[in-house]
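The values are calculated or read from the model by the stated rules, or taken from the named source; none is laboratory data. Predicted, not measured: the structure shown is a model, and the values here were computed from it. Note: ideal-geometry Cβ built from the backbone for every residue, glycine included; neighbour counts use all protein chains shown. Remember, those area values only see protein heavy atoms, side chains included, never the ligands or the DNA or RNA. Shrake-Rupley method; radii C 1.70, N 1.55, O 1.52, S 1.80 Å.
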Amino acid sequence: MGNYWILLALLHVTVLIHSGNSCTVHIEKEKDFVPFGQTAFLNCTSNCTSLSWETRLTKIRVSRDRTSNFTWVEVRVSEWEDSPILCLATDDDKDEARVIPYILPSKLDIDLKEELEEDKEHEVTCSVYNVGPVQYVVLSVTRGGETFFRRTYEKDTRIGPQDLTETFKFKATRRDNLQDFACQVTLNLTNVSNNTVRTSPVTVRTYALPEDPHITAETWVEKGTETSISCEIPRAFPPHNITTVLSFEGYPNTSVTGNVFVSFNLDTNVLPEARHNLVCVSQVFSASKKSNKHIYIYEPPMVNFTVSSKVANLGDTVTADCKLIQGNAEYFDLSISVDGGEVKRKESPDLAENIIITRRKPNLTLTCKIIIRDNNEEILTKEETLTVHYPPEFSESSCPDSIVWVEGKERMFGCRSEGNPTPEEKCTLDLANLPLQTTTTFSAERNMSGIYTCQASNFIGTVNKSVEVTVQYPPECPTVNISTQSSVSTGDSVNLTCDSDALPSPTYSWEIPPHAQVEFSQENRSITIKEASSYHTGTYTCNVKNEHGHSSTPWDLEVKSTSNTTLMIALLGVVIALAVVAVVILMIYRFLQNGKKGFYDLMKRTPKKPNRSEVPLQEKV
């Protein structure tokens, strides 16, 4: 208490120190939460005149020094209505505070089942009694100490203590097992401790029976045998809380108890031949599920099965007779089948059927079956084997119309027949009378190509078939032919043709000298040089190829140029000819010039006497 007054004095001094010239009034707490019926202390300071208190709450004690700038008041909180408290100064300045009463719940309950079925919706209900104010209440549900649901009431305007009830729904899961659930109320009050109330925890156990019990047992059990019966509870939880009871109607001491799996061996010797009921019940806490299954105990059946003949030819008719000689005829059907295909079925202890043999198969299996009428389960079969004779037959798959071999390869004549007894086979080349066995190997040769007649025989009949055989072979070394036998000169036209024997026909290709311009035929068998030149000199290689091999032949071609001597002779002839022409022209010209001068001198001149004064003409030597 001494410390309290010291703090008040310090606060008073502080206010006085920091106060200015303006007048202010200040209550220490604007809002105070007080348990209903108890008292509250409020302090007020001012830097001005003396102070006083005004409130409708009952004042228990008030400081009376009106000359002081500090005052306090103790009031009793006995009303739930809003009760403001005013601290007044003489100069009309004031401050207001509020005292809010509260009360913690007088009682808090939780309603939650302790056993919760998994994947089902469940409810948890929290009931709160006599708590207020409601606006500050936070109601929550915790699971394992963590908040699971939460509800607030800020907008609730009710005054005074209230009772609250809230129900939350949730779907139980396996992780909820052995978790502690609790309801909790907290009053959201400032500066108030110990404001939470919670219920005692409820520890829940979750469980699951998601499926019906699964019974495993044979439906039809032969009397005198022992069979195993079991019951399993799939995905049940928790296993140690499951109780499963498996019981068999009419069988002493048949109740077997366990958890999620129970089983026992059933001895049918002590049971009558009839339908019995097998029941499996599983229970966990308040939940249970049940399954049942009917089991039939029957007398072991016996049949007599006969066939009129064990050997038959194709097209013959045989009779199969199936008779039930022991067992519960009212439970069973009889069936006759041929190689697994049902021929006839009948609700009778005696069944006979005529069977026409139409299948080309050496052996047929005839079967008599006893079938449980309710579920079509076969419980007994008896078989007889029938041998079938039929003539040979060539099929496309075993003896094709055409066969291809490759020369030099090991082969076997791929033509077989089908018949019973097994036929003897032989194939002969028609023109060459060349026989080939169908079961021995040989090396294929070209001369084996042709049409063969294949024959198959047994004591039932004979059949023939024509087969075309083709023996293929790789290309032989090709031959190259040239269109001219004389030497090839510049400017000549040349044709090179390649030929090779092969089956299938080969493809042709050429390797030619670089820069050589040639033309290829449509199948590349030949090449044509329209105007030979020095570029065409070189090796021309013909390549042939088919799917079995390849071969090639080279051919050297030389294109010769015109002789230099011939050219020189030709040039010399031209020069001589030109020289002769020039000489002839010159001689004609000289002749014409000389003839003109002499003619006129001789024909037109008159003889006269020589003039002595003239110098006589002299002939040039």
Given the conditions (1) within 30 Å of residue 156 (Cα to Cα); (2) in contact with a Pro (Cβ under 9 Å, 6 or more places away or on another chain), report the number of the one that residue 223 does not fulfil. (1)
Taking residue 403 and the conditions (1) of a type in the set (Val, Ile, Thr); (2) surrounded by fewer than 17 Cβ atoms within 10 Å (Cβ to Cβ); (3) in a strand (DSSP E or B), which numbered condition does it fall short on, given that it satisfies the others? (2)
Residue 422 versus (1) under 24 Å from residue 551 (Cβ atoms); (2) exposed (fewer than 15 other Cβ atoms within 10 Å of the Cβ); (3) in contact (Cβ under 8 Å) with a residue 12 or more places away in the chain: which is the lone unmet condition? (1)
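Rundown of residues vs (1) more than 27 Å from residue 446 (Cα to Cα); (2) acidic (Asp, Glu); (3) open to solvent by less than 50 Å² (accessible area, probe 1.4 Å), yes/no style:
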residue: 349; (1), (2), (3): yes, no, no
residue: 359; (1), (2), (3): yes, no, no
residue: 370; (1), (2), (3): yes, no, yes
residue: 375; (1), (2), (3): yes, no, no
residue: 382; (1), (2), (3): yes, no, no
residue: 388; (1), (2), (3): yes, no, yes
residue: 392; (1), (2), (3): yes, no, yes
residue: 407; (1), (2), (3): no, yes, no
Please tell me if residue 265 is modelled with pLDDT under 85 and either open to solvent by 40 Å² or more (accessible area, probe 1.4 Å) or part of a helix (DSSP H, G or I) (or both). no
Members of the stretch 45-104 that are assigned to a loop (DSSP other than H, G, I, E, B), surrounded by 15 or more Cβ atoms within 10 Å (Cβ to Cβ) and either in contact (Cβ under 8 Å) with a residue 60 or more places away in the chain or basic (Lys, Arg) (or both): 80, 93, 104
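Would you confirm whether or not the stretch 341-355 contains a residue that is assigned to a strand (DSSP E or B) and within 25 Å of residue 459 (Cβ to Cβ)?
Yes, the stretch 341-355 contains a residue that is assigned to a strand (DSSP E or B) and within 25 Å of residue 459 (Cβ to Cβ).
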Return the residue satisfying two criteria in turn: it lies in the stretch 268-306 and is under 12 Å from residue 221 (Cα atoms) and free of Cβ contacts under 8 Å to residues at least 40 places away in the same chain, and of such residues it is most open to solvent (accessible area, probe 1.4 Å). 275
Can you tell me which residue within the stretch 518-545, out of those that are at pLDDT 95 or above and under 23 Å from residue 446 (Cβ atoms), is surrounded by the fewest Cβ atoms within 10 Å (Cβ to Cβ)? 545
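Would you say residue 426 is more than 30 Å from residue 319 (Cβ to Cβ), of a type outside the set (Val, Ile, Thr) and part of a strand (DSSP E or B)? Step through it out loud before you land on a result.
Values: more than 30 Å from residue 319 (Cβ to Cβ): yes; of a type outside the set (Val, Ile, Thr): yes; part of a strand (DSSP E or B): yes.
So residue 426 passes the test.
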